[in-house]
1. Looking at region 6-47 only, could you name the residues that are in contact (Cβ under 8 Å) with a residue 24 or more places away in the chain, exposed (fewer than 15 other Cβ atoms within 10 Å of the Cβ) and among the small types (G, A, S)?
2. Quick one: in region 33-55, which of the residues that are assigned to a loop (DSSP other than H, G, I, E, B) and modelled with pLDDT of 95 or more is farthest from the chain's Cα centre (by Cα)?
3. When region 7-30 is examined, which residues are found to be part of a loop (DSSP other than H, G, I, E, B) and within 16 Å of L64 (Cα to Cα)?
Amino acid sequence: MEMRKGTLFVRLPGNLQRPINGGCQCSHCKARPGSTPMWDTLAIDTATDRPVTVRAWTVHYPELVS
């Protein structure tokens with residue numbers, strides 16, 4: 001897990017990760033051309049000044065280690 005600017009990032013288990021259609025051009029993926037880029041992390045908005053609605057989405061964050 002990692003907290004950055006009001007967003008909590010949590011690494012997803014492998015069975016919940018999904019391939020990125022169209023690939024990825026980030027430096028991590030460019031250095032590993034044989035790997036499949038994945039939506040591998042859940043980002044959760046933790047800002048307390050917003051309504052009760054929780055916002056969460058998947059992101060590509062291969063550098064995050066669980």
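The values are calculated or read from the model by the stated rules, or taken from the named source; none is laboratory data. Predicted, not measured: the structure shown is a model, and the values here were computed from it. Using ideal geometry, Cβ is built from the backbone for each residue, glycine included, and neighbour counts are taken over all protein chains shown.
1. Matches in region 6-47: G6, A47.
2. In this case the residue turns out to be T36.
3. Within region 7-30, L12, P13, Q17, C26 meet the criteria.
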